[in-house]
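To keep things clear, I will list the structure first and then write my remarks on it.
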Amino acid sequence: MALNYPENTVWYIEACRWNGTKDSPGFALVDESPLMGSGVVVTLRLTDEGISKSYILTCAHVVRGRVDDLLREDIICYPPDTGFIKTSGNNRRSGAGIALALPANVSKYSPCMGAPGGRDEKIRNDPALDWVLLEINNPSFRHHPSAKILDEDDLPDDQLFDVIGFPAGGEIWRNGEKVLPATAKNFRLRAHARPGMLSYEGPEETRRGMSGGGIIDDRGFLAGIHRAATDAAMRRTGIRADAIVRYLRATHNLEPVTPEGQLFSTPMELEITVNRITPNFGLEPISGLKVGFDPLDHEDMKGEVTEGETDADGRAVIKFIPENPDSDILGHLICLNQPVELIDDAPLILSPYGKFPDGLRKEDEIQLPYKEMLPCTVWGIKAYLYKYFAKFFPPTPTNDIKKIVKKAVAAGLSEKETKLATQGWADILKYARPVLRLSSLEDYFQDESPVLREMSESVGQVLHSRGVSTCFLLAGDLVLLPEFILPSDDSTDIKISFWGTGQTEHREVSKVIWKSKEFMSALCEIPQSTKKPFMIGLTGDISLLQNKIVVIGFPRRDSRLPEELNSFFELSEGQPAVMPGEVIIHDPELSQIHHDATTSGGVAGSPVVDMQSNSVIAMHVGGKFAGTRKENFAVTLQALWEEPSFREVLQLYDVNVKKIT
């Protein structure tokens, strides 16, 4: 059976107990297995208001304990074809997402109304009410495709179904593995199902993790959601989509919307909050401010953009209808009556709904509909406070961020303002110099992403007596790594792991071939690897100042850094990451270059790759945070090449060298 149905409407769901409180959440729990299941994206319209919204429809028991029936409030939803990340200790905050997985809440339109605790016995004992709608308050979610809901009382007896879901889910996936649904095919209806339910049987299996998955008929309609299986009889039960529609229609005036008209049959809404920064660096809402959205190309819009006016809380809603729901719309948030006294004083902060916590100023270009990221510079209260810090407490080699924070407190700024300023520093750095997982390269790069992924497979994580570092292949059996990680007794107890799309390779250093304290480098022999070695780039007397580079390595949380900066590395710890930057100091007569990629402990020994030539030009050694960037130093391959003993060793191996012009 060939289904005319997009599988990317079925998402993977995990739910666990909330840790901490809503006001002070802790880290997601890792000492218990999360509930898991599947869900289907559906779009519903509130008929009396004409507003459409997308939800994830799933079984209630996917987010409620099977024994205690208590709602698991910490819910995250993975769109298909994204990388899975297993929750680890002190990693993901309760109620927060992880990478591309989005946090969700149970909607008030569900039979349980999203109430905490257990459900009413009447609801709990009715399998036809074992469902919930999950709300995802992230602007990107509304642009994901949704299912065509079957709104019919009668189904043909010979109707065929497929069940799409995620059997076993996170129990079998490794970190970085793609979240892809499975399809169990060719189920047929059975008679005598309970009201509101489907009973079906077929030759293929469904497993734990597929609860809430889509039951799809041979026309591509969502006929229901899968609920349970009886393996011995090869029977399955599900909740009928038309029964769910009848409940929503009668109880909440909600109607299903077809995918063809779901996104923009009513105006799209952009909710913003407008504040001003007060002289003591607080926030004060502004009422009566007229705001709008000015598209760069007005032909992208159907009619005029409806302006908004802020209320007493500074909130306003801008409405518009795009001409083409599949195209990006570029434009600016604008203030139509900005108070004159605020122009040179403190800036206005316009926070778009659900995307950035510190907001957009006017004149920053934004992209609508929201995709994975906004192509704009974000300057809000946090960045503003940090700029204040930089003005009065400029960073120097002996004046790091911790000392600056202490000075700020001594100068009279509150703890909250100091924390906001530190976060602002981190936010600026994250935007300008991110730390990218391999699954997120397209957020920053375009054509270079495939090449960088291939290069990352030739970068090894090094485990040694002093901790964890990085190395990279110069030949199939030769790696370059930092000299200072070598054991003091000249032993070779160094283990290296190369990750990648294929099988992970584990190697041990068999021999130290060459080492130099002056150049802080060592060449070590390993059993032959199948990974592709790096090309060495020789710069000669050419300066690479301001050349774009990337560092590929294994960053870790670092106790020497503020917590706001350690958040950079939480999702990359233990996996290769790409850290973009540029060369900030390069004197061809010296043995080092300086660059500003965001690195941390564990990255020493990483290749510094020149993006223009795709060759390794240096080995990263270390650095420090200063101002709004990291200042790092790295030993150049040119300097190593000019050392006769180093070059003699390389001539014994199959090493590729090119001159950068």
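Tabulated results
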quantity	calculated
Alpha-carbon centroid distance for the pair region 135-209 / region 50-95, whole angstrom	17 Å
Carbon/sulfur fraction of accessible area - region 54-130, other protein chains in place, 1.4 Å, %	51 percent
Pair residue 299, residue 493: separation of 7 Å Cα→Cβ label points (nm)	7.0 nm
Gyration tensor (alpha-carbon) shape descriptor, region 105-242, a/c threshold 1.5	rounded
Efficiency of FRET from Cβ geometry, residue 27 and residue 530, R₀ 35 Å, rounded to 0.05	0.40
Stretch gain in nm, segment residue 105-residue 178, where the contour uses 0.36 nm per residue and the Cα spacing is subtracted	23.9 nm
Stretch gain in nm, segment residue 122-residue 271, where the contour uses 0.36 nm per residue and the Cα spacing is subtracted	49.8 nm
Karplus-derived 3J(HN,Hα), 6.51/-1.76/1.60, for each residue of region 176-181, Hz, glycine and proline x	x, 6, 5, 7, 10, x
Sorted peptide list for 633-639, 535-541, criterion being average Cβ within 10 angstrom, highest first	633-639, 535-541
Formal net charge of residues neighbouring residue 608 (Cβ-Cβ distance under 12 Å; K, R +1; D, E -1)	-2
Protection-proxy order for peptides 525-531, 83-89, each taking the mean of Cβ atoms within 10 Å per residue, highest first	83-89, 525-531
Distant-in-sequence amide H partners of residue 494 (H built 1.01 Å from N, under 5 Å)	509
Segment residue 661-residue 508, extension gain: residue separation times 0.36 nm, minus the distance between their alpha carbons	51.5 nm
Per-residue ³J(HN,Hα) for region 578-595, Karplus 6.51 cos²θ - 1.76 cosθ + 1.60, θ = phi - 60°, Hz, x for Gly and Pro	10, 10, x, x, 8, 6, 9, 9, 8, 10, x, 7, 9, 8, 10, 10, 10, 9
Gyration tensor verdict on region 37-82 (Cα atoms; rounded if a/c is under 1.5, prolate if a/b is larger than b/c, oblate otherwise)	oblate
Under 11 Å, Cβ to Cβ, from residue 315 - net charge with Lys/Arg +1 and Asp/Glu -1	-4
Solvent-accessible area per residue, Å², over region 21-137 with all protein chains present [probe radius 1.4 Å]	40 Å²
Accessible surface of region 437-590, 1.4 Å probe, proportion on carbon and sulfur as whole %	49 percent
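The values are calculated or read from the model by the stated rules, or taken from the named source; none is laboratory data. Since the model is a prediction, treat every value here as computed from it, not as a measurement. Ideal geometry is used to build each Cβ from the backbone, glycine not excepted, and the neighbour counts take in all protein chains shown. To get the accessible areas, we keep the full protein, side chains included, count just its heavy atoms, and leave off ligands, DNA and RNA. Shrake-Rupley method; radii C 1.70, N 1.55, O 1.52, S 1.80 Å.
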